[in-house]
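**Q** Supplied in C-alpha cells, the structure appears directly below.
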C-alpha cells in the first residue's frame, strides 16, 4: 500500500483527525530511545516534558541531544516543576533560567508542589520571558493528598493569578501514581465533580491533567472526551492513550461517546 495508507484507512473507519493533546514525559530514557519514540509518535505529542531532575545529572551532551531532537521533530520541550522549586529554594533561579534557555528548552513548569517559592506570578513569567521561555503552572501539592472543595477554591485563585500574569496553561497535579493525590482517591478513582469545576472555571483549552496511569487516562477521556489534554503519560503508553481517544481501543469502542460513527457509504454488517 502507498504511503498514507494508514491515514486513509482510519478515514474509512470514521476515525476523527485530532490535534495533538498529549504531553508525555521522559523519565530519563537514553537519547536513542527517545529518538525512536519521536520517530514513531511526534505527530501525537503536544509537548514533551523532560522530567524530574534526571536531565540535570545525565551526561550533558545527551540532554542537549534530546532537546535538539525533539525540536527538530516539531515537539516543544518543557522542564518539570521539581527543578524549578529546587532552584528557587537554593537561591539559583537566575542560573536555572539561563541553563534551561541555553540547553534549548521551550518552557518551564512552575509550582509549589513541595516548597513555597517566594516568587510571584508576574515576576516569574517576566523573568522566564526574558530568557525566551514560556511558563506552565502546576496546581496542587505533591504531598498534599486529595483535593477537597476548600483546596480547590484556593487552587482556582492561584490559577487565575498565574494566567492573569501570562502563564500559558495550568497543569493539575497527579504525580506518577494518580492515587491519593489531586483529583484521584487512594483507589485511583477520579473525583468527577472537582474535575468538572476546574474545567468550568478555566476551560479544557487551558488545563492539562496529569494522567500517569491507565485508569487515570481512560477516566479523564471518558469524563471530558477526546479533546482533553493529558500530561505525565509515559512514552510507551502514548499510543494506547491515542487509540482510546479515537475509539479504537476495545473499551472505548464500547462507549457511544468515543466510538467512531459509521462513515457515510459504509458497507452494512
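**Q** Picking from 236, 251, which residue would you name as being surrounded by fewer than 14 Cβ atoms within 10 Å (Cβ to Cβ) and under 24 Å from residue 38 (Cα atoms)? Even if it seems obvious, please write down each step before you answer.
**A** Values: 251 fails: under 24 Å from residue 38 (Cα atoms).
When all the criteria are applied, what remains is 236.
**Q** So is residue 108 at pLDDT 95 or above and farther than 28 Å from residue 154 by Cα or not?
**A** Values: at pLDDT 95 or above: yes; farther than 28 Å from residue 154 by Cα: no.
Judged against the criteria, residue 108 is not a match.
**Q** For segment 182-269, which helices (runs of 4 or more DSSP H) that fit wholly inside it have 2 or more residues that are within 25 Å of residue 158 (Cβ to Cβ)?
**A** Values: elements: 192-202, 214-224, 238-245, 250-253.
Because the criterion is at least 2 residues that are within 25 Å of residue 158 (Cβ to Cβ), the helices (runs of 4 or more DSSP H) in segment 182-269 that meet it are 192-202, 214-224.
**Q** Determine whether segment 59-74 contains at least one residue that is under 20 Å from the mean Cα position of the chain (by Cα), surrounded by 14 or more Cβ atoms within 10 Å (Cβ to Cβ) and closer than 19 Å to residue 212 by Cβ.
**A** Scanning segment 59-74 turns up no residue that is under 20 Å from the mean Cα position of the chain (by Cα), surrounded by 14 or more Cβ atoms within 10 Å (Cβ to Cβ) and closer than 19 Å to residue 212 by Cβ.
**Q** With the requirement that a residue be more than 13 Å from residue 146 (Cα to Cα) and either more than 16 Å from the chain's Cα centre (by Cα) or part of a loop (DSSP other than H, G, I, E, B) (or both), what does segment 166-181 give you?
**A** First pass over segment 166-181, keeping only residues more than 13 Å from residue 146 (Cα to Cα): 166-171, 176.
Once the filter is applied, which keeps residues that are more than 13 Å from residue 146 (Cα to Cα) and either more than 16 Å from the chain's Cα centre (by Cα) or part of a loop (DSSP other than H, G, I, E, B) (or both), segment 166-181 yields 166, 167, 168, 176.
**Q** Mind telling me which of the residues 171, 221, 208 ends up being without any contact (Cβ under 8 Å) to a residue 40 or more places away in the chain, crowded, with 22+ Cβ neighbours inside 10 Å and closer than 30 Å to residue 36 by Cα? Working first, answer last.
**A** Values: 171 fails: without any contact (Cβ under 8 Å) to a residue 40 or more places away in the chain; 208 fails: without any contact (Cβ under 8 Å) to a residue 40 or more places away in the chain.
Result of the check over 171, 221, 208: 221.
**Q** Follow-up question, since we're still on this one. Of all residues in segment 45-75, which are assigned to a loop (DSSP other than H, G, I, E, B) and without any contact (Cβ under 8 Å) to a residue 24 or more places away in the chain? Full working, then the answer.
**A** Let us first name the residues in segment 45-75 that are assigned to a loop (DSSP other than H, G, I, E, B), namely 46-47, 51-53, 58-59, 73-75.
Residue satisfying the conditions is 59 alone.
**Q** Would it be correct to say that residue 152 is surrounded by 18 or more Cβ atoms within 10 Å (Cβ to Cβ) and more than 25 Å from residue 220 (Cα to Cα)? So that I can check it myself, show each step before the final result.
**A** Values: surrounded by 18 or more Cβ atoms within 10 Å (Cβ to Cβ): yes; more than 25 Å from residue 220 (Cα to Cα): no.
The answer is no for residue 152.
The values are calculated or read from the model by the stated rules, or taken from the named source; none is laboratory data. If you're wondering where the values come from, they're calculated on a predicted model, not measured in any experiment. When we count neighbours, we look across all protein chains shown, and the Cβ atoms used for this are built from the backbone with ideal geometry, even at glycine.
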